[in-house]
Each structure stands twice: as C-alpha cells, then as structure tokens.
Amino acid sequence: MQKPVINASYDFLFAKLHGLWANAAKEDRLTQLINCGTEEELFRLLGEHGVDVLQRNLFHRNLLLREIHSLASIAAQLDQQTADFYRAFYERTYFENVKVLLHYRFFPEREVAIDQLLVPIPGLPEIHATEILKQDSTDDFLQAMQPALYPAEIEAAVRKLADDKDIKSAESEFDKLAYRHLLLHAERTPMGVRTACTALVKLEIDIVNLCMLMRIIRTYHLDEEEVKAMWIHGGTISTESLSSLSGLKTLSELVAKLPPTFREPLRPFTEAELYVSENTLWKLLYKQVKRYFADYNHMELSIVAFPFLRHFESLNIGRIYQGIRFGMRPRDVQDMMICS
C-alpha cells in the first residue's frame with residue numbers, strides 16, 4: 001500500500017536533495033573508493049554511505065535497495081504526479097524481477113537462490129517466487145504470478161516465450177515496457193518540470209538505443225526483422241532512423257550520420273573499445289542532469305534530476321566493486337565512472 005504523498009515546497013526539497021547529494025559517493029569520495037586496495041577497505045567506506053555490506057552475496061541487490069528506498073522516501077514528500085514519476089523510476093526494477101522469474105522458469109539450471117536476486121519494491125506486491133515456479137502450465141504460472149504492472153503485455157510476452165524460448169526477445173519487450181512506464185509518468189509531471197523531465201527520459205532512451213545500435217554494427221550483425229524489434233520507442237531518434245543506420249559497416253560511418261549532440265562527443269572514439277563510446281553517451285545524460293540539479297534559478301528542476309543522480313551513484317559504486325573484485329587498476333576503474 002502506497003503512503004500518502006506530502007506536497008513539500010520546492011525550496012525545502014531543493015535544500016534536502018542538495019544535502020543528500022553533498023554526502024553521496026562522488027568526486028573526491030569516488031576517487032577514495034576507486035583507490036581502495038581491498039574489498040574489506042571498500043566495504044568499510046561504503047558502510048559510511050549507507051550501503052549494506054554485511055552480506056556480500058547480496059551486494060548489488062542491497063545497493064539497488066538503497067537507491068529505491070531513498071527515492072521512495074522522497075516521493076512521499078512530492079506532489080502526486082512527481083511522486084508517480086519517482087515510483088516509475090524505481091518500478092523499472094519490477095521488470096528486471098520478471099526477467100529473473102522467467103530465466104528461472106525456462107532455464108532453471110541456476111546456482112544462486114532466486115530470492116537473492118529479486119528486489120522488493122515499495123508499493124508493489126511481494127513476488128512469491130517459490131510458489132510461482134512450482135506451477136507446471138503457463139496458465140497456472142501467470143495466475144500465480146499476477147503481474148502488478150502491464151498485466152496484458154507481460155502475459156503476451158510470457159506466452160510468446162513459452163512457445164519460442166527466445167529470452168532475448170522477451171527481455172527486450174520488458175525493457176520497452178519499463179521505459180514506456182517511465183516516459184508516461186514523465187509526461188504527466190507538473191508543467192514546471194515536465195519539459196525537463198521528459199527531455200531526460202528521452203535522452204536516456206536515445207542512449208540505450210544508440211548503445212544497442214553500436215553493438216549491432218560492431219558485434220551482433222542481426223537481420224532486419226531482429227533489428228526492428230530491438231528499439232525502445234519514445235526517444236528523439238526515430239526507430240525508423242535507427243533501423244536504417246543499423247546497416248552501416250563501421251562506427252565511423254554511424255557517428256558521421258548522428259545528430260550533433262551525439263556525433264561530436266563520439267567522434268574521437270570510433271576505433272576504441274565499445275565501452276568507451278557507451279560511457280561517453282552516459283556522461284552526456286549525467287552532465288545534463290547535473291545542469292538541472294545545479295540550476296538555482298529553477299529549484300524545481302533538482303527534483304526531477306535527483307533520481308538520475310542517485311542511479312548514477314549506484315552504477316559507479318557497483319562498477320568500483322566489480323573492478324576491485326577483478327583486480328583492475330584504479331585508473332582503469334576511473335575510466336568506467338559516469339561523472340563530469
């Protein structure tokens with residue numbers, strides 16, 4: 001059950017969010033985390049940032065829970081429409097939970113208990129995975145699952161997966177639903193923040209699509225129908241344009257045909273490892289988010305920027321953890337950071 005929403009003033013929320021961000025893992029604190037020599041040292045410092053490090057096997061799950069609970073607590077202080085956007089932001093994790101369920105149903109050879117992977121989401125029913133996975137038929141599976149969001153669309157995707165076992169196609173459908181959900185609520189935020197909020201979501205959709213497009217050109221080489229099914233709708237670059245660009249042979253050709261917003265930052269990296277270009281795109285979003293967050297003349301913009309900042313913080317912490325686990329050099333981990 002959702003908590004009632006309190007409509008706090010913009011100046012109060014601006015101060016609160018900036019106070020939260022002042023204590024986030026960023027800038028010098030991020031460098032300190034990157035330079036940790038051991039997992040033990042990293043966990044000690046992350047404890048100071050409110051990350052639950054007691055169960056290392058649940059590290060990424062608990063990191064995501066920290067983000068979700070932070071956003072949920074802020075949502076309770078917002079007007080209804082902006083609160084709904086915050087919820088849609090973290091409810092994208094619901095579609096990740098559905099992906100996990102389907103992996104365990106159709107490809108059950110798993111070493112990790114499913115309860116360690118599913119993430120409880122405030123306001124949505126608990127997923128009783130053990131009971132759901134007991135069901136033999138697709139009908140019984142769906143009945144036990146009872147999708148909390150977009151039930152008709154999820155049912156259709158599950159039935160298709162039961163027939164064709166194409167998990168990548170199913171996952172693509174859930175990604176589309178997640179961004180459809182987010183964009184829908186961005187477009188319903190109050191007029192004072194709607195343009196900025198929608199622009200951020202559209203930019204993120206563009207980035208997700210461009211990252212996929214670069215992988216198709218560099219690695220996947222999918223056929224025309226497969227390509228058309230991959231795109232997330234709602235970005236500023238049309239799905240028709242994305243499909244036509246997918247036939248190019250090199251990243252240099254692709255980058256030359258992109259809008260200037262993307263072309264100029266990507267131009268130096270067309271021969272580099274793909275992750276460099278992908279990170280360059282995510283930094284575009286980060287910089288725009290930071291501009292909105294720091295706009296003292298429009299304090300309301302900090303409210304729609306904050307969920308993105310919190311998510312980038314989680315991504316950076318997760319990458320640092322992976323880098324230290326795999327013995328990467330600090331300067332290589334630094335290259336993975338999404339920051340200004």
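The values are calculated or read from the model by the stated rules, or taken from the named source; none is laboratory data. What you see is a predicted model, and the numbers here were worked out from it, not measured in a lab. In this analysis, Cβ positions are derived from the backbone assuming ideal geometry, glycine residues included, and neighbour counts consider all displayed protein chains. Just the protein is used for accessible areas: all its heavy atoms, side chains included, with ligands, DNA and RNA removed. Shrake-Rupley method; radii C 1.70, N 1.55, O 1.52, S 1.80 Å.
Mind listing which chymotrypsin sites (Phe, Trp or Tyr not before Pro) in the range 228-333 are in a DSSP loop and have 15 or fewer other Cβ atoms within 10 Å?
296, 326
Would you kindly state the longest site-free stretch of the chain, with sites defined as trypsin sites (Lys or Arg not before Pro) in a DSSP loop (not H, G, I, E, B) surrounded by at most 12 other Cβ atoms within 10 Å?
So the longest stretch without any such site is 1-109.
For the range 65-212, what's the relative contact order in percent, using C-alpha pairs closer than 8 Å and at least 6 residues apart?
26 percent
How much net charge surrounds residue 89 when only the other residues with a Cβ under 11 Å from the Cβ of residue 89 are counted, with Lys and Arg +1 and Asp and Glu -1?
Within the 11 Å Cβ shell, the charges total -1.
Counting alpha carbon pairs within less than 8 Å and at least 6 residues apart, what relative contact order, in whole percent, applies to the chain?
20 percent
From the gyration tensor of the Cα coordinates in the range 68-187, what semi-axes in whole Å does the equivalent ellipsoid have, largest first, with each one equal to sqrt(5λ)?
The three semi-axes for the range 68-187 are 27, 16, 12 Å.
Let me check the size of the range 258-340 from its C-alpha atoms; what are the radius of gyration and Dmax in Å?
Reported Rg and Dmax, both Å: 14.7, 44.
Beyond 14 Å, what share of the Cα-Cα pairs of the range 35-114 is found? Please give it as a whole percent.
72 percent
Which loop-located GluC sites (Glu not before Pro) does the range 1-105 contain, where loop means any DSSP state but H, G, I, E or B and the Cβ has at most 11 other Cβ atoms within 10 Å?
Counting only loop positions with at most 11 other Cβ atoms within 10 Å, the GluC sites (Glu not before Pro) in the range 1-105 are 48.
Just to confirm a number: summing +1 for Lys and Arg and -1 for Asp and Glu over residues other than residue 195 whose beta-carbon lies under 15 angstrom from that of residue 195, what do you get?
Here the count lands on +1.
Given a 1.4 Å probe and every protein chain left where it sits, what share in percent of the accessible area of the range 89-164 is carbon and sulfur?
Looking at the range 89-164 in its full context, I get 49 percent from C and S.
State the Kirkwood hydrodynamic radius of the range 61-106 in Å, one decimal place, computed from all pairs of distinct Cα atoms.
Mean inverse Cα-Cα distance, inverted, gives 11.5 Å.
Ignoring ligands, DNA and RNA, what percent of the accessible area of the range 207-270 is carbon or sulfur (1.4 Å)?
Carbon-and-sulfur percentage of accessible area, whole number: 54.
Quick one: which of 165/287; 99/202; 249/290; 165/228; 257/283 span more than 31 angstrom between C-alpha atoms?
Too far apart for the 31 Å limit: 165/287; 249/290.
Hey, what number do you get for the chain at 222 nm if only DSSP H runs of n ≥ 4 count, each worth -39500 (n - 2.57), divided across all residues, to the nearest 500?
Calculated mean residue ellipticity at 222 nm is -21000 deg cm²/dmol.
Please arrange 60, 233 by accessible surface area, largest first, computed with a 1.4 Å probe and ligands excluded.
Result, largest first: 233, 60.
With every protein chain left in place, what is the accessible area per residue of the chain in square angstrom, probe 1.4 Å?
It amounts to 49 Å² per residue over the chain.
Place +1 on the Cβ of every Lys and Arg and -1 on the Cβ of every Asp and Glu in the chain, take the dipole about the Cα centre, and give the residue among 49, 65, 250 whose Cα lies farthest towards its positive end.
49
Do any GluC sites (Glu not before Pro) in the range 229-283 lie in a loop, going by DSSP, with at most 14 other beta-carbon atoms within 10 Å of their beta carbon, and if so which?
Taking the range 229-283 and a limit of 14 other Cβ atoms within 10 Å, the loop GluC sites (Glu not before Pro) found are 271, 273.
Compute the signed sum of charges (Lys and Arg +1, Asp and Glu -1) over the other residues within less than 15 Å, Cβ to Cβ, of residue 140.
Computed value for this residue: -1.
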